[in-house]
Amino acid sequence: MNREPATAGLTADDIVGLLRVSKGSVYRYAHQYRWRRYTDAGRSYYHPDDVTATLDQLDQGKGGSASP
């Protein structure tokens, strides 16, 4: 069976650019928020919906207030 991997996964490097955090923080968030992942050719890919949900949750924690 020739299974083609999903192309929408995000690598840790992708997420570092999006979140502007260290790679260690990406791995911590992945563990803490139980992100789904798959591995292809030795590289891990995280489910974008899980990353987005974490971003939303972190933004809510900031209170969403803007400085004047």
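Some observations on this one:
- For region 5-44, accessible area per residue (1.4 Å probe, heavy atoms of protein chains only), Å²: 72
- Spacing of the modelled spin labels on Lys23 and Arg36, each 7 Å from Cα toward Cβ, amounts to 2.6 nm.
The values are calculated or read from the model by the stated rules, or taken from the named source; none is laboratory data. A quick note: this is a predicted structure, and the numbers were derived from the prediction, not measured. Neighbour counts run over all protein chains shown; Cβ positions are idealised from the backbone, glycine included. What goes into the accessible areas is simple: the full protein's heavy atoms, side chains included, and nothing from ligands, DNA or RNA. Shrake-Rupley method; radii C 1.70, N 1.55, O 1.52, S 1.80 Å.
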